[in-house]
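These notes concern the structure reproduced below.
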Amino acid sequence: MRKHLVIGASGQLGIELTLGLQERYGIESVTICDLRKSDDELANRSEFVELDSTDSKALRDILKKGEYSTVYQLVAMLSAKGEINPVSAWDLNMKSLINVLECAKDGLVEKVFWPSSIAVFGPEAPKDGTPQDTFCDPTTIYGVSKVSGELWCNYYFEKYGVDVRSLRYPGLIGHRSLPGGGTTDYAVDVFYKALEGVEFDCYLNPDEALPMMHMDDAIRATLDLMAAPADSIKLRTSYNLSGCSFTPKELTEEIVRVIPGFKISYNPDHRQNIAASWPNSIDDTTAREEWGWKSELGVKELVEAMLNALRN
Ligand code: AKB
């Protein structure tokens, strides 16, 4: 059996992607790697291998066995944390990607997935319905690493024929684990506070609109992209991907419909500047046309899905 290797499997996206792969291809077809195992019992049904993604030899030793057709390289330091230590963020984000691309170049794996982000955009890009091809002038080191990573991916495709595919994820909202170090994290944290009956102190302005996506959509997009025929993937940098878009105020209004009395206060910090440099919403026409992408969850469905899942 040719298997899937998920690197960074204990993170917010890694846990959800592991479950999506298990469901689509079987528990045995997935191996999960990270510095430490997560405590998600479902994800941990797949084999765990300890791996530091910056250790190129360790990764090569795993892939040399020839068991893996696809690697999902998810390791990254996100936007807000990256601003505290830009050099570490650059080192981690670049090294972990290039290690995988080098293995793919040497034929140790057939396909690579690597997540990019809406953080590739900056102040010069149009804010509403940000197009696929526009200014990429990020103001965070995370965004700089994502633009650079996209170019590395395209380089390995053009120069060595590496089948590498990527998505520019919006803020991802899921119930299985808390994100860490991002600017969009508020839109996960707020659900926990709403269910605890506690007022939520938001670090963004009430009217700061950002592109967001429920995890179910994000995982479906990822698995569909990776299953699409190679000749339908025309873009080897990264595809714009749109779910929904909302402000903290709009999200709160939806939550209040389900939990009347829920309260939010606003104390913008440094993350507000990052959010202000990012798009309000994204145009993902290219992904729709080339490999049939279509989002299924709007903000109302996202709120219901999060509250139901967390209650259970
Ligand atoms: C972050 O907030 O840094 C991430 C992202 C949008 O890539 N969630």
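The values are calculated or read from the model by the stated rules, or taken from the named source; none is laboratory data. What you see is a predicted model; the values in this text were computed from it and never measured. FYI the Cβ positions are ideal-geometry reconstructions off the backbone, even for glycines, and counts take in every protein chain you see.
Please state which one of ASP185, ASP189 is more than 13 Å from the chain's Cα centre (by Cα), within 16 Å of the ligand (Cβ to nearest atom), under 24 Å from GLN272 (Cα atoms) and not aromatic (Phe, Trp, Tyr).
From the options ASP185, ASP189, the qualifying one is ASP189.
With buried (at least 16 other Cβ atoms within 10 Å of the Cβ), touching a His at 6+ places or on another chain (Cβ under 9 Å) and in the same structural domain as ASP163 (by TED's automatic domain parsing) as the only criterion, which of GLU16, GLU83 stands out?
GLU83
Here are some residues: ALA305, ALA287. Which one is assigned to a helix (DSSP H, G or I) and surrounded by fewer than 20 Cβ atoms within 10 Å (Cβ to Cβ)? Walk me through it before giving the result.
Details: ALA287 fails: surrounded by fewer than 20 Cβ atoms within 10 Å (Cβ to Cβ).
On inspection, the qualifying residue turns out to be ALA305.
Taking the stated definitions as given, is LEU78 out of contact with any Leu (no Cβ under 9 Å at 6 or more places or on another chain) and assigned by TED's automatic domain parsing to the domain that holds ILE219? I'd like the intermediate steps shown before the answer.
Working: out of contact with any Leu (no Cβ under 9 Å at 6 or more places or on another chain): yes; assigned by TED's automatic domain parsing to the domain that holds ILE219: yes.
Against the criterion (out of contact with any Leu (no Cβ under 9 Å at 6 or more places or on another chain) and assigned by TED's automatic domain parsing to the domain that holds ILE219), LEU78 qualifies.
Out of curiosity, is THR139 of a type in the set (S, T, N, Q), surrounded by fewer than 24 Cβ atoms within 10 Å (Cβ to Cβ) and farther than 30 Å from ALA230 by Cβ?
Values: of a type in the set (S, T, N, Q): yes; surrounded by fewer than 24 Cβ atoms within 10 Å (Cβ to Cβ): yes; farther than 30 Å from ALA230 by Cβ: yes.
Yes: the conditions hold for THR139.
State which residue pairs qualify: first residue under 10 Å from LYS146 (Cβ atoms) and inside the stretch 110-134, second residue small (Gly, Ala, Ser) and within 16 Å of the ligand (Cβ to nearest atom) in any location, beta carbons under 6 Å apart, and separation of 6 or more residues or different chains.
Listed by first residue and then by second, the contacts come to TRP114/SER166; SER116/SER166; SER116/SER238; ALA119/SER79; ALA119/GLY143; VAL120/GLY143.
Looking only at the stretch 226-278, how many residues end up being of a type outside the set (Lys, Arg) and under 30 Å from VAL109 (Cβ atoms)?
First pass over the stretch 226-278, keeping only residues of a type outside the set (Lys, Arg): 226-233, 235, 237-248, 250-256, 258-262, 264-270, 272-278.
Filter once more, keeping what is under 30 Å from VAL109 (Cβ atoms): 226-233, 235, 237-243.
Looking only at that region, the number is 16.
Applying the selection to the stretch 272-298, what residues are within 16 Å of the ligand (Cβ to nearest atom) and of a type outside the set (Ser, Thr, Tyr)?
The answer is GLN272, ASN273, ILE274, ALA275, ALA276, TRP278, PRO279, ASN280, ILE282, ASP284.
Restricting to the stretch 204-217, count the residues that are out of contact with any strand residue (DSSP E or B) (no Cβ under 8 Å at 6 or more places or on another chain) and either buried (at least 23 other Cβ atoms within 10 Å of the Cβ) or in contact (Cβ under 8 Å) with a residue 60 or more places away in the chain (or both).
In the first step, residues of the stretch 204-217 are kept if they are out of contact with any strand residue (DSSP E or B) (no Cβ under 8 Å at 6 or more places or on another chain); the result is 207-208, 216-217.
Cutting the leftovers down to either buried (at least 23 other Cβ atoms within 10 Å of the Cβ) or in contact (Cβ under 8 Å) with a residue 60 or more places away in the chain (or both) gives us 208, 216-217.
Going through the stretch 204-217 one residue at a time, the tally reaches 3.
Being within 29 Å of TYR156 (Cα to Cα) and either part of a helix (DSSP H, G or I) or free of Cβ contacts under 8 Å to residues at least 12 places away in the same chain (or both) is true for just one of ARG220, ARG271, ARG257. Which residue is that?
Details: ARG271 fails: within 29 Å of TYR156 (Cα to Cα); ARG257 fails: within 29 Å of TYR156 (Cα to Cα).
Selected residue: ARG220, the only one of ARG220, ARG271, ARG257 that is within 29 Å of TYR156 (Cα to Cα) and either part of a helix (DSSP H, G or I) or free of Cβ contacts under 8 Å to residues at least 12 places away in the same chain (or both).
Identify all residues within the stretch 274-284 that are under 19 Å from the mean Cα position of the chain (by Cα) and not in a strand (DSSP E or B); write none if there are none.
ILE274, ALA275, SER277, TRP278, PRO279, ASN280, SER281, ASP283, ASP284, listed by residue number.
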